[in-house]
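Here is the structure we will look at, set down as structure tokens.
The values are calculated or read from the model by the stated rules, or taken from the named source; none is laboratory data. Model, not experiment: these values are computed from the prediction. Don't worry about glycine lacking a Cβ; one is built from the backbone with ideal geometry, like all the others, and counts go over all protein chains shown.
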Amino acid sequence: MNIKGYYLDGKSSKRHEANLELNSHNGIKLYLHSAGAQHIGQELIMFNLDAIKIESRLANTAREITLAEEQLFISYDNDGIDALANRLSPTLKQRDWLHKLESNISAILLATFIMVAMVYAALIYGVPKSAHWLADNLPNVVEAQFSDSLTLLDQSILQESQLSPAHQKDLKILMAPYYQAFNQLNIRIEFRSGFGANAFALPDGTIVFTDDFIKLAKSDDEILAVLYHEIGHLANKHMLRRAIQASLMGSFILMVTGDLDTLDIITGLPSLLLDLSYSRDFEIEADQFALEQMFQADINIDHFGVIMRRLADANSGHSEVETEKGLFSKVQGYLSTHPITEDRVQRVLDFKEAHGIID
Amino acid sequence: MSESTISERASHYDAPLSPKKLSFEFRGKGFEYFKLWVVNALLSVMTLGIYSAWATVRNNRYLYANLYLNDSHFRYLANPIQILKGRIIAVTLLVIYNIVLLTMPIIGLVLAVFLIFSIPYFVNKSMAFNRRMTSYKNIQFRFNASYKQAFMVTLIWPLLGILTLGLLYPKALKEIYAYTANNSAYGKSKFHFCASTWDYGKPALFAAAIVLSLGLSVWGISEIWPSLQFIAPIIFVLTYFTLIVFFIVTVNNIFYQNLQLQKHHFTSNYTMAGLFKVILINTLLTLITLGFYLPAAKIRLLKYLAENVTLNVHGSLENFSAATPEDVSALGEEMGQSFEFGV
């Protein structure tokens, strides 16, 4: 057995052509062909077997055999070195199965399909499900940390409400009986101006209504519909779940792309799309919650569809509903955090059907 | 292969006056790398991330082994166990840090301050680890910098760059590259980096002037013809992208053109057109293949980056000698990856 390659002594950067031989007593013999000093002829170095280590094969890159005292033998004769490794004791056989796997085209195809399936399953089911479980089992102390978020919003995008204190008090008195059942959520109602016609729930239980929204609502029932929608977010811990989902997804994508250190746009765009679709699921959950609560509180659930549609119109600037049909609205569905209004109205109809409500 | 040995021998005896130009060469192949990546990704996910340490080593071994200079390749030497240890410690610290930050904000704040002051230490360790794990012709690279040096380039200079609204940013860049290069060594031979702040200031001024005049003319056009306002965001995106390419090309060219090792000078000829072409092809193919082109894209980029660097060799490359052995841990590198800091 004779393998052609190079020898490097580990002390200088001088490279020698060399031949490696296995002698009859399983010792390693290395013949150096000293360049520029041909008259010396060949130099011979002997090695014990326990002083050498054969690196695992990696595609067709040069293969190294590390020798005692930082010396190194390099060869492109991968098959020769595989044969040498087989001849030597089995303990010297390296992780050869990896190379076999990597060079087997059907294994690669299979691995690719498994990858696609696993990524799909993890992102569609795994991440939301585990985030849900984590959110339910996390100590409450985590949520209490968000208590400053209203202060932060007050300092940035929100201003004091222009509603008269009496009006605010009336609205609070109106809502109070409807959220009594959710004592454990520490619900507190606040009014602010700015941010368009809107209502949102903060993780500590604060629900904020904007002045524009109060103006937009034509009846108390419409306000209650939105109140229940926001309580739905709180009861299902949506903010916390979204935060957990974002970090889970981040680690998962990192694990798959691994050392590719990609441009942010390549991993960022799918993450963004997924986040949007996750938050759409949350909206659907909150809608469902609101419909159920309204039904139990004996509020006409039609108000829900009406106020949601008016909110969407007010915030998109359209005076009249003019939903584009076909591909565009589908794309819009994927790109928006909130479900398309049409879907919302449909959900009201579905809910009615399921609960046997007849107009 | 024998040809190069002969020419080396010849140069050794004839001692030519003109330098020999040796280009770096990258022999990696897209599909070959894709195969490694799929197996790595699959095993990493299936082992819940444990395998990622082995994946990192295999990945780097492939890339380093395909980088050639003068027909000799580089080598990546890290041991997966070493990396796994560092990774576990770093991730554990990151989780503890985040929990403390949420539950005990005061202690979290103290930890944050402590963490900021530990960044220079870990950056030094990380650089040392990466250099130490790289070898060429069986001689390892080295990195050795003081805490103060790292403190300046990780915290002070970037901060001054921001505080002066970018005015000191060229100086900060120069200091950062000087830190990475001047503290590096190939065996016992130190790298030498000799760029001036003005080398960075000139292109920065040039870019600022272009952006300013472009911004003014777009503003002027949209004032005169309001119907043309829609071009403003398009021009903004194009300018932003062009600036990034300009930055990468310029900074890398300055780096290599001012770098030397013993009497051997580096040069590079990255061009905006060249890099733009690589990025455009990579982005398009990655989008079309829904991400599966990504490994091949990395190979294409590395090929471009490697093959545009040249070493002007004065004399022989055979006289480098190895430094004394030293032990380094992977903790610094993994801390940098987990906590997302670095230079």
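Hey, does segment A:191-201 have a residue that's over 16 Å from A:Ala290 (Cα atoms), surrounded by fewer than 16 Cβ atoms within 10 Å (Cβ to Cβ) and at pLDDT below 85?
yes
Can we say B:Asn66 is touching a residue at least 40 places away in the same chain (Cβ under 8 Å), over 19 Å from A:Arg63 (Cβ atoms) and within 14 Å of another protein chain (Cβ to nearest Cβ)? Before the answer, list the steps.
Values: touching a residue at least 40 places away in the same chain (Cβ under 8 Å): yes; over 19 Å from A:Arg63 (Cβ atoms): no; within 14 Å of another protein chain (Cβ to nearest Cβ): yes.
Spelling it out, it is not the case that B:Asn66 is touching a residue at least 40 places away in the same chain (Cβ under 8 Å), over 19 Å from A:Arg63 (Cβ atoms) and within 14 Å of another protein chain (Cβ to nearest Cβ).
Looking only at segment B:103-159, which residues are assigned to a helix (DSSP H, G or I) and among the charged types (D, E, K, R)? If you could, list the steps in order and put the result at the bottom.
Let us first name the residues in segment B:103-159 that are assigned to a helix (DSSP H, G or I), namely B:103, B:105-132, B:147-159.
Passing the criteria: B:Lys125, B:Arg131, B:Arg132, B:Lys148.
Scan segment B:277-311 residue by residue and report those that are part of a helix (DSSP H, G or I) and more than 14 Å from chain A (Cβ to nearest Cβ).
Matches in segment B:277-311: B:Lys277, B:Lys303, B:Tyr304, B:Ala306, B:Glu307.
If you take the residues in segment A:218-247 that are modelled with pLDDT of 85 or more and of a type in the set (A, V, I, L, M), which one is surrounded by the most Cβ atoms within 10 Å (Cβ to Cβ)?
A:Ala225
In segment B:21-61, what count of residues is obtained for those that are among the small types (Gly, Ala, Ser) and facing chain A (nearest Cβ under 8 Å)?
Going through segment B:21-61 one residue at a time, the tally reaches 5.
For segment A:96-120, name all the residues that are closer than 20 Å to A:Leu254 by Cβ, modelled with pLDDT of 90 or more and more than 10 Å from chain B (Cβ to nearest Cβ).
The one that is closer than 20 Å to A:Leu254 by Cβ, modelled with pLDDT of 90 or more and more than 10 Å from chain B (Cβ to nearest Cβ): A:Ala117.
How many residues does segment B:312-340 contain that are farther than 20 Å from A:Gly250 by Cα, more than 13 Å from chain A (Cβ to nearest Cβ) and either under 21 Å from the mean Cα position of the chain (by Cα) or of a type in the set (Ser, Thr, Tyr) (or both)?
Result for segment B:312-340: 5.
I'd like the full set of residues that are surrounded by fewer than 18 Cβ atoms within 10 Å (Cβ to Cβ) and over 19 Å from the mean Cα position of the chain (by Cα), limited to segment B:152-170.
Selection gives B:Ile156, B:Leu159, B:Leu160, B:Ile162, B:Leu163, B:Thr164, B:Leu165, B:Gly166, B:Leu167.
Here are some conditions: (1) touching a residue at least 40 places away in the same chain (Cβ under 8 Å); (2) of a type in the set (Ser, Thr, Tyr); (3) in contact with a helix residue (DSSP H, G or I) (Cβ under 9 Å, 6 or more places away or on another chain). B:Tyr270 meets all but one. Which one does it not meet?
(1) is the only condition that B:Tyr270 fails.
Could you tell me how many of the residues in segment B:163-215 are without any contact (Cβ under 8 Å) to a residue 60 or more places away in the chain and in a helix (DSSP H, G or I)?
28
Please go through segment B:87-119 and give me each residue that is touching a helix residue (DSSP H, G or I) at 6+ places or on another chain (Cβ under 6 Å) and polar (S, T, N, Q), ordered by number.
Correct list: B:Thr103 only.
What about B:Ile81, is it surrounded by fewer than 16 Cβ atoms within 10 Å (Cβ to Cβ) and under 29 Å from the mean Cα position of the chain (by Cα)?
So B:Ile81 passes the test.
Can you pull out every residue in segment A:1-17 that is of a type outside the set (Lys, Arg), farther than 18 Å from B:Asn70 by Cα and in a strand (DSSP E or B)?
Of everything in segment A:1-17, those that are of a type outside the set (Lys, Arg), farther than 18 Å from B:Asn70 by Cα and in a strand (DSSP E or B) turn out to be A:Asn2, A:Ile3.
Just to be sure before I move on: is A:Leu163 at pLDDT below 85 and over 21 Å from A:Asn300 (Cβ atoms) in the structure I sent?
Values: at pLDDT below 85: no; over 21 Å from A:Asn300 (Cβ atoms): yes.
Against the criterion (at pLDDT below 85 and over 21 Å from A:Asn300 (Cβ atoms)), A:Leu163 does not qualify.
Any residue in segment A:166-188 that is surrounded by fewer than 12 Cβ atoms within 10 Å (Cβ to Cβ) sitting within a Cβ distance under 9 Å of a residue that is part of a helix (DSSP H, G or I)? List the pairs, counting only those 6 or more apart or interchain.
none
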